[in-house]
Amino acid sequence: MTRRLIVAIIALTLLLMLLIRASSGAMVNPFMDYESLGKWVAAVLTLCTLSFLYSDNPFYRFCEHVLVGVTAAYWMVLGFWRTIVPKLLANVVPEIPAYFFNMDTPVTVSLIHRLIYCVPLGLGLLLLVRLHPRGRSISAWTLAFILGTTAGLRLFGHLEADFMAQIQNSITPLVSVAEGGFNLGRTFNAFLITGGLVCCLFYFYFSRDSDGALGRVSKFGLWILMLTFGAGFGFTVMGRIALLVGRVEFLLQDWLGFI
Amino acid sequence: MVSLAELARERLAGRRLIYLCILLSVTVPMIWKISFKEHASPMVKNVFDQVESLPPGARVLLVFDFDPGTEPEIKPMSDAFTRHLCLKGAKLYCLTLWPTGPVEIDKVIRNVLTPEFPDYYYGADYINLGFVSGDEAIIAVALTSFQKAFPTDAHNISTSDTKRLPIMKWVENIRSFNLIIECSGGYPGLPEWIRYAAVPGGVPIVGGSVAVGTPELFPYVPDQCVGLLAGLKGAAEYEQLLLERYPLLERPECRVALDRMGPQTVAHLAIILFIIIGNGIYLSQKRRGRVGT
Amino acid sequence: MAVPRMITFTVATVLIVAMFVPPLEPIREEFSNFFNIIAAFAFVLGAASLLGVHWRRIRRRVRGWGYSIVCMASFLITLIVGLLKLGSPGGIGGSAIAEGSPFAWIFDYVFTPIDATLFSLLAFYVASAAFRAFRVRNAEATIMLVTAFLLLLGRTFLGNLVTAWLPPEMEPFELPNLVQWIMYVPMTAGSRAIMIGVALGTIATSLKIILGIDRPYLGGGK
Amino acid sequence: MAAVAESGASSLAPPQEVRVYDHPNDNGGAIIVTWQKSPDDTAEHGLVTGYTILRTSRSGGQFEVVGRVGAGTIQFVDTTAEAGIFFYYKVEAEAGEQTRASPPVGPVSSTFQWINWNRWNRLLLGLLLGGAVVAFIHIGQRGYKFRIRKLPGIEAMEKAIDQAAESGQPIFFIPGSEDLSDLQTIAGLSVLEQVSRRTARREVDLRAPQFHSLVMAASDDTLYHAYHEAGRSSAYNRDDVFYVSDEQFGYVAGVGGLMCREQPAACFYFGSFRAEGLALAEVGQTIGALQVAGTAERAQIPFLVTACDHVLIGEEMYAAAAYLSDDPAEVGALKGQDFGKLLAVGAIGVGCLLATLAHLVDSEVFVMLRDGLLSIFETGTGR
């Protein structure tokens, strides 16, 4: 009970401060124009969302549902105006975007070209058949096409960028002799990179047992991986805090008018 | 013996305490304006020197591959780059491959270019090519024909119309540029521009990246990418160099990243403290035979 | 062989062959285009699912159904405003998110603040995760803890000060250099191993798709 | 159209030795133009600001601009040269307003080739690695039992499903934030298949909130068939696989909120993750769910490691479905992957040895051997 009281007191104090702040004229009048109204809406939504840190509460649930609705619709709108219209309609029936949406699309498109783009149109429509409970097996054709495309396109993409390129980069001299002298630092680094890489690969080796020599090698591989993750974590924290700084800045500066 | 519910409550309280500490460690330095002087690392210096060495009238492709979500980290970079380029009298070609990116270009034009550089004219000194979908495939197209990849600018004016957009007169493809600057918030971003534009086109590229994406970019530096600004710290170091070189810029809006580094540093110290405290608790519990998680 | 498997097999094979036969190469680009178009069609399914789930919650008066109304309303308003470009200064031919349009207003003042705030919650999550997970439990956890600790320290001004007392010949052990070394040397080894492993995983996965081994989402199970 | 203006500036030297030839191994339509830098194009004598490449289809005809490149460049690929037509080219050095052109060269025409020989190494490696995978799958299908090591994450998943069956709480399955165009998503769906078979048998509620509509369709089919096969078609509920939002944090909001309300016993994350991975995993942590994640996103693994109980790293994620299914064909594929790793280790080992010898010993043989090995892994795009 006492905790609720404390929370209520803090909330009331903040509200009071806000009222004083607003009445002193330091903040924008929300009813001046759409932009000012937007700022208030944004600020209130920001605070409601932050309240999730304390616990799941009605304010957060409201924001959550607004955001889900808005973002889902947002991407659908963009999908229509940025993919369906310029990529599908402009290729199949360029007359529609040109005459109805006043777009700058050339209407002289060959019949073959139009027919080619009927393929994704047909597959897209086929996908929608699944809205009917019995259309499931038909719409699987579209999914089959998609899976085939992904498999066919990605197979060599990953082979090139992740397999070949990485091995190519790893083939380096282990011992470094430069400008007339043996370079201990570089040699050590080269050995560590190559050795670490090999050990890590053995960590991923599925056929091994976890003891014996291979087990020790893979253990060292795991250490290298852990080092990698630790470094990745430490390096990234900054970015995450930057985002919070941005939000607090919005509240303090743009809305409350401090700073 | 503590009950499970009690343990959970205890843990929740601890979690809230951590949250509160982080909130305070960010808010307090912001209100008190605590900031630290940055010491530019060699990599940031390379980026700065690359831009600084541009001849007047150089053509620079300025890519805004980020959105409001990653804005706090990247926008200070894109602002600083824009200022620096304008001070060098470069021609700016702004574009984005992110569907949510055009607002960022608009912001830079509205808040930096127009007010601070009134003698920069649209179509002659800078151009906004807006958003084009197609990710790295479009970069590959731009490598051979820029006009094909970006047929119109953000205002639907054809990029082949050099009367209305004289700035396009000197652009045929990626190779026409003296420098590519990529502000990268994720995918598509710096790796794509390096692989599909800078390397095959032989054009120098510098960039800025969110901290989370930076470790993956290190292998490109310095062979394929001249240098990069890693997260907000990189942006702050760049601002510091810019201020040292152009003292006239000593204005609050030119030290956004520097100001944001204050709360950053304090929050980092707070997290370091948490780790130490956490281990202290853990070790003392272990000694008493009660192993916590 | 069922029809879907035949489609998958044919499409994938053609795309792989196109890798090596220049006259077929444009197919690869066209098919990625097709993918985007089909994905845009799929939005209809997403919309149907979203509306269906929330409609059923409202109809059955499930606890918290009021929120479902909020969700449906915000979805439909945004969708209609955006699709019809209502109030857009450029009219139906203008940009979908033209400045000054209600759609852009929703983006700027509803979408962005909630989205960015949720994103910024990560700052809190990172801190609590660090507090909880970085314990000297065993060798692996300790290695991760120590590296993260060094990196965190190295990203602050303290990074330069902590090791400033070291004599010049110990320069490589100064924290900023140590951090750089970690990023360039052990991290390179770790990342490369992950990438090579991932490449092998994707090759095997692609082949399993192409050969149609155990893929019930293509209908029929094995 | 740019007229050739040889504005009397005799001080500027033209580019030298212009050569043109057909771009090999392509679909036609590309011609390579190479030249030597103008003597005025040097670091200390940097008069030249760039080169303009001009072309005409008639000898003595009007030249038109096909491309511009910066100073210091010595090559240009004209990708607008229609196959079968003969062209003449010339290259013009420019210095501010001054220009100076080389004499025209040509004629040259572009043709297409049936096979891209540049990619022989991809074919070789593709056949080697793919062949190994297919061969081991085949051996597996013939009934041979391969032995593989244990993955703790997989055992944890099985335990979590048992726990959920006892407590009656649901299980959440998050298939990542990429569309079906990413193989991680597909690998995640394979895991979903195995998980849903188990939950169907143990009568556990499985909830799979979706990021993309296409993935939703595939997940829905997966679940439908798994329930069908387990003989519990009636337990299939179309609301278990539902679309949330295509926006990263719209998704986090929706799923995070649901987690708080439905208190799942376990959350499984399999697929590609960005920042939403940590956000969801921390919410899952707060409610005390057992969490297992699998992803190949290197940037996100550290965060998932701190927030989840078990993480399947990179390749392990692709292997998860095979482990769960225990299907000999799938396990065979893992053996094929192991062959790939041995190949990689061998290539790196031998390559480093050769590179070291080439570096230390002054002998052409090692250099040749090293370059030969490197050419197998040459991709042309650099790192």
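How big is the charge dipole of the protein assembly as shown about its Cα centre, in debye rounded to the nearest 20, if each Lys and Arg gets +1 on its Cβ and each Asp and Glu gets -1 on its Cβ? Its charge dipole is roughly 3540 debye.
Taking a Cβ cut-off of under 12 Å around A:ARG136, the surrounding Lys, Arg, Asp and Glu residues balance to a net charge of +1, with basic ones at +1 and acidic ones at -1. Relative to the 2.2 N^0.38 Å rule of thumb, the stretch A:2-135 has a C-alpha radius of gyration ratio of 1.77. Cβ-Cβ distance of D:GLU262 and B:LYS148, R₀ of 51 Å, FRET efficiency by 1/(1 + (r/R0)^6): the value works out to about 0.50.
Peptide C:151-163 is shielded by partner chain Cβ atoms: per residue, an average of 6 of them sit within 10 Å of its Cβ. Seen from a random direction on average, the alpha-carbon convex hull of chain B projects onto 18.6 square nanometres. Using only the alpha carbon atoms of the stretch B:166-219, find the Kirkwood hydrodynamic radius as the inverse mean reciprocal pair distance, in angstroms to one decimal. Hydrodynamic radius (Kirkwood, Cα only) of the stretch B:166-219 equals 11.9 Å. Summed over both chains, the accessible area lost when D and B associate is about 1600 Å², using a 1.4 Å probe.
Computed as a quarter of the hull surface, the mean projected area of the alpha carbon convex hull for the stretch B:232-293 stands at 5.2 nm². Evaluated at q = 0.21, 0.23, 0.27 Å⁻¹, a Debye calculation over the C-alpha positions of the stretch B:212-260 (equal weights, vacuum) places log10 I(q)/I(0) at -0.75, -0.81, -0.93. Averaged over residues, the count of other Cβ atoms within 10 Å places the peptides B:68-81, D:58-71 in the sequence B:68-81, D:58-71, highest first. In the protein assembly as shown, the DSSP beta bridges split such that about 45 percent are antiparallel, to the nearest 5. Annotation note: chymotrypsin sites (Phe, Trp or Tyr not before Pro) in the stretch B:1-61 located in DSSP loop regions with a Cβ neighbour count of at most 12 within 10 Å are B:TRP32. For chain C, the membrane-span-like helices by this rule, meaning whole DSSP H stretches whose C-alpha atoms cover at least 18 Å of axis and whose Kyte-Doolittle mean is 1.6 or above, are C:3-20, C:65-83, C:139-154; this says nothing about an actual membrane. Comparing Cα centroids, the stretch D:297-341 and the stretch A:181-205 end up 24 angstrom apart.
A cut-off of 5 Å between modelled amide H atoms, ignoring neighbours fewer than 5 places along the same chain, links B:ALA154 with B:ASN128, B:LEU129, B:GLY130. A full extension of the chain between D:LEU342 and D:ARG58 corresponds to an added length of 96.5 nm, given 0.36 nm per residue minus the alpha carbon distance.
Which shape class, rounded, prolate or oblate, goes with the stretch C:69-222 when its Cα gyration tensor gives a ≥ b ≥ c as root eigenvalues, a/c under 1.5 marks rounded, and past that a/b bigger than b/c marks prolate? Oblate, since a/c reaches 1.5 and b/c is not below a/b.
Excluding ligands, DNA and RNA, the accessible surface per residue across the stretch A:172-255 is 38 Å² with a 1.4 Å probe. Normalising by residue count, the stretch C:85-127 has a Cα convex hull of 56 Å³ per residue. Which of the listed residues, C:THR10, C:TYR67, C:PRO26, is farthest toward the dipole's positive end in the stretch C:1-76, when Lys, Arg count +1 and Asp, Glu count -1 at the beta-carbon? Farthest towards the positive pole: C:TYR67. With the convex hull drawn over the C-alpha atoms of the protein assembly as shown, the volume per residue is 193 Å³. So what is the relative contact order for chain A, in percent, with contacts set as C-alpha pairs under 8 Å and at least six apart? Computed over chain A, the figure is 14 percent. Gain on full extension, evaluated as 0.36 nm per residue between B:VAL28 and B:LEU7 minus their Cα-Cα distance, stands at 4.4 nm. Cα centroid separation, the stretch B:247-293 to the stretch A:210-236: 25 Å. Per-residue mean of foreign Cβ neighbours for B:233-243 is 1 (Cβ atoms of other chains, 10 Å radius). Figure legend: label point modelled 7 angstrom from the Cα of A:ILE10 along Cα→Cβ; residues of the stretch B:13-49 with amide N under 19 Å from it are B:13-31.
Helix content alone sets the calculated 222 nm mean residue ellipticity of the protein assembly as shown: runs of n ≥ 4 DSSP H residues at -39500 (n - 2.57) each, divided across all residues, give -17500 deg cm²/dmol.
Summed over all non-identical Cα pairs, the Kirkwood treatment of chain A gives a radius of 26.5 Å. Normalised by the number of residues in chain C, the average gap of Cα pairs under 8 Å and 6 or more apart makes the relative contact order 16 percent.
Before we go on, tell me the buried accessible area for the A/D pair, both chains summed, 1.4 Å probe, in Å² to the nearest 100. Buried area (both sides, nearest 100 Å²): 5900 Å². Using the Cβ-Cβ distance between C:LEU83 and D:ASP362 with R0 set to 60 Å, the FRET efficiency works out to roughly 0.25.
The share of accessible area on the protein assembly as shown that comes from carbon and sulfur is 62 percent, using a 1.4 angstrom probe. Positive contributions from Lys and Arg (+1) and negative ones from Asp and Glu (-1), summed over other residues with Cβ under 10 Å from the Cβ of B:LEU190, come out at -3. All Cα-Cα separations within chain D were binned at 20 Å from zero, giving a P(r) of 21, 33, 30, 15, 1, each value a whole percent of the pairs.
Taking chain D as a Gaussian network of alpha-carbon nodes connected by springs under 10 Å, the highest mean-square fluctuation of the residues D:ILE161, D:ILE313, D:ILE148 belongs to D:ILE148. The lysines within cross-link reach of B:LYS169, meaning a Cα-to-Cα straight distance under 21 Å and a gap of 8 or more places when in the same chain, are B:LYS88, B:LYS91, B:LYS148, D:LYS90.
Heavy-atom accessible area buried between chains A and C is around 10100 Å² (1.4 Å probe, both sides summed).
Working note: Cα atoms of the stretch D:4-108, range along each principal axis, descending, whole Å: 40, 27, 18.
For the stretch D:149-326, the Cα gyration tensor yields ellipsoid semi-axes of 21, 18, 17 Å (square root of five times each eigenvalue, largest first, whole Å).
Mean per-residue shielding of peptide A:133-141 is 5, counting Cβ atoms of other chains within 10 Å of each Cβ. Using a ≥ b ≥ c from the Cα gyration tensor of the stretch A:61-148 (square roots of the eigenvalues), is it rounded, prolate or oblate, where a/c under 1.5 gives rounded and otherwise the larger of a/b and b/c decides, a/b for prolate? Cα axes put the stretch A:61-148 in the oblate bin.
What the Cβ-Cβ distance of C:THR10 and D:THR111 gives, at R0 = 30 Å and to the nearest 0.05, is a FRET efficiency of 0.55. By the equivalent-ellipsoid construction on the alpha carbon gyration tensor, the stretch B:1-133 comes out with semi-axes of 43, 19, 14 Å, ordered largest to smallest. Normalised size of the stretch C:1-76, defined as Cα radius of gyration per 2.2 N^0.38 Å with N residues, equals 1.81. In the calculated pair-distance distribution of the stretch A:172-255, the portion above 18 angstrom amounts to 65 percent of the Cα-Cα pairs. Here the relative contact order of the stretch C:1-76, from alpha carbon pairs under 8 Å that lie six or more residues apart, stands at 15 percent.
The values are calculated or read from the model by the stated rules, or taken from the named source; none is laboratory data. It should be emphasised that the depicted structure is a prediction, and the values quoted were computed from it without experimental measurement. Counting neighbours? That spans all protein chains shown, and the Cβs are built from the backbone with ideal geometry, glycine included. Just the protein is used for accessible areas: all its heavy atoms, side chains included, with ligands, DNA and RNA removed. Shrake-Rupley method; radii C 1.70, N 1.55, O 1.52, S 1.80 Å.
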